[in-house]
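Reading through the structure tokens given below for one structure.
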């Protein structure tokens, strides 16, 4: 019986060895930052980008085209929000971060490279008769001083306030534009992505929210029952954002440390070149020319 | 329980008794019907919106235009690879742990009780916590980066509790007579285990594995920060690969006009689950093991 016990105790070891070997092979490999740079005039290597979930689908498309032109290059795009992009770039986990807002004063150690712009517009359900809201009315609604659409000239109905979660770039653009302190906002619903906010407003007749204008336009074209409200008399559309007339907009930035690798700088140059303007438009964003012409 | 005495109610209690019986029967059928209706609703909703988009090229083509056109070929491949890593790590580990818990340790011993307590706590941990742990440990500390390996290892941590608990029950439900008979024949403990107990427990073990495959396939939160977001065909386990559930999430939440494609991808995911379920049942049938786990026999 004793001998049997011993054989019994031995047999999980092959399993453990298998698992350990799996883990150890991982330890000795350093996957990111392999060779990166210029070999024989040809670009090769691998770069990783993380950050804004708004920019990620766009960069994925740009990197696919870049990889076609430079077959030895691999570009991995990850998401997690602008905040994660900035943190990962600082820590060196990613060569390039993506942030759909300008950098703050305490992030001045990083460099931004704007590739496109995006307007943030207020949306309501398409059945809502409201024509226009003044800045004061928007502030009063979001700070819960106005609770009924009747008070701003609409029909009877409690206003459902759709707000973005902490760390979302659209939230910061919205708060900065209206100079609202986030702690005074009394939201009914807190959402993450733009599509989430649009789905919430489309499903709630008395809701108000704010989302990326490009995304909203695309969804309106697809028949989603929402409507963009003009701001300060300016219509909310990709055209007015592009011309700089629309006041509430945000830059879509790539972010690097002050010494990006040659491959990373080459990729950023490509993202800013007119060659990718069709991709930017197809993702419902607005290309910017080399000199930034959009309000911060 | 088969020899229940049937007492015929003949007196005044009969009508109330019948009403009670009827109500009970009705509510039980209603509950069962409701469960089926929910499943049917989900399946019909997904198929109506998604099936029209699915064809062979959707299943094998590359993702283009952020998922709004093209197919999901690389994503299916990444999903299968993640699942492969998950199972090849978690199945041996969990069956070994289950054997240790049932065969080696006294089930009331301190160690066994602690292991079980840990597993129960682990089973209750939200998947996003596994995602953050996987990101911090596998992706950054071990330097695996955003890769299929990180994702698979994170998922295997996540499915361990289900797998171990089901494997433990599977082994425990093998009738004691099997062990007695093996002992009477003079078989050693390890021979008994590999030749008698594990084969007898195989259907229930497989059921546990299918359950954990379901959980792994459905996972989004734990994968977005570990196996990542890259929709290219992976060349090795060290490449980042987007899983089907992450793709569905991205299409539904991030990509304007991605809704229809999200339903199509959801159709594929559900179909994969059904296929895995059915194949397991079939394989077990061919192996002559039947598909019903041993009933009773538990302590």
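Here are B:209, B:148, B:162: which of them is buried (at least 21 other Cβ atoms within 10 Å of the Cβ) and within 12 Å of chain A (Cβ to nearest Cβ)?
B:148
Among the candidates B:76, B:82, B:140, which residue alone is surrounded by 15 or more Cβ atoms within 10 Å (Cβ to Cβ) and free of Cβ contacts under 8 Å to residues at least 12 places away in the same chain?
Only one candidate passes the filter, namely B:140.
If a residue has to be under 23 Å from residue A:169 (Cα atoms) and surrounded by fewer than 13 Cβ atoms within 10 Å (Cβ to Cβ) to count, how many in segment A:119-135 make the cut?
Going through segment A:119-135 one residue at a time, the tally reaches 1.
Across segment A:91-117, what is the number of residues that are touching a strand residue (DSSP E or B) at 6+ places or on another chain (Cβ under 8 Å) and either under 20 Å from residue B:140 (Cβ atoms) or in a strand (DSSP E or B) (or both)?
Looking only at that region, the number is 15.
Restricted to segment B:123-137, and to residues that are without any contact (Cβ under 8 Å) to a residue 40 or more places away in the chain and under 18 Å from the mean Cα position of the chain (by Cα), which residue is surrounded by the most Cβ atoms within 10 Å (Cβ to Cβ)?
Here the answer is B:125.
Among residues belonging to segment A:159-200 that are within 14 Å of chain B (Cβ to nearest Cβ) and in contact with a helix residue (DSSP H, G or I) (Cβ under 6 Å, 6 or more places away or on another chain), point out the one that is farthest from residue A:83 (Cα to Cα).
Result: A:198.
In segment A:30-80, which residues are more than 8 Å from chain B (Cβ to nearest Cβ) and modelled with pLDDT under 85?
A:33, A:34, A:35, A:36, A:37, A:38, A:39, A:40, A:41, A:42, A:43
What do you reckon, is residue B:107 in a helix (DSSP H, G or I) and at negative phi?
Numbers: in a helix (DSSP H, G or I): no; at negative phi: yes.
No; evaluated as a whole, the condition is false for this residue.
Could you look through segment B:171-184, keep only residues that are farther than 14 Å from residue B:95 by Cβ and within 14 Å of chain A (Cβ to nearest Cβ), and pick out the one that is nearest to the chain's Cα centre (by Cα)?
Among those residues, the one meeting the criterion is B:179.
Got at least one residue in segment B:103-115 being surrounded by 15 or more Cβ atoms within 10 Å (Cβ to Cβ), more than 18 Å from the chain's Cα centre (by Cα) and either at the interface with chain A (Cβ under 9 Å from one of its Cβ atoms) or in contact (Cβ under 8 Å) with a residue 24 or more places away in the chain (or both)?
yes
Condition (residue is within 30 Å of residue A:215 (Cα to Cα) and more than 14 Å from every other protein chain (Cβ to nearest Cβ)) applied to segment B:81-95: is it met by at least one residue?
no
Could we say that residue B:66 is buried (at least 18 other Cβ atoms within 10 Å of the Cβ), at the interface with another protein chain (Cβ under 9 Å from one of its Cβ atoms), over 25 Å from the mean Cα position of the chain (by Cα) and part of a helix (DSSP H, G or I) here?
Yes, satisfied.
Condition first: closer than 30 Å to residue A:99 by Cβ and in a loop (DSSP other than H, G, I, E, B). Now tell me which residues in segment A:145-169 satisfy that.
The answer is A:165, A:166, A:167, A:168.
The values are calculated or read from the model by the stated rules, or taken from the named source; none is laboratory data. All values reported here derive from a predicted model rather than from experimental measurement. Don't worry about glycine lacking a Cβ; one is built from the backbone with ideal geometry, like all the others, and counts go over all protein chains shown.
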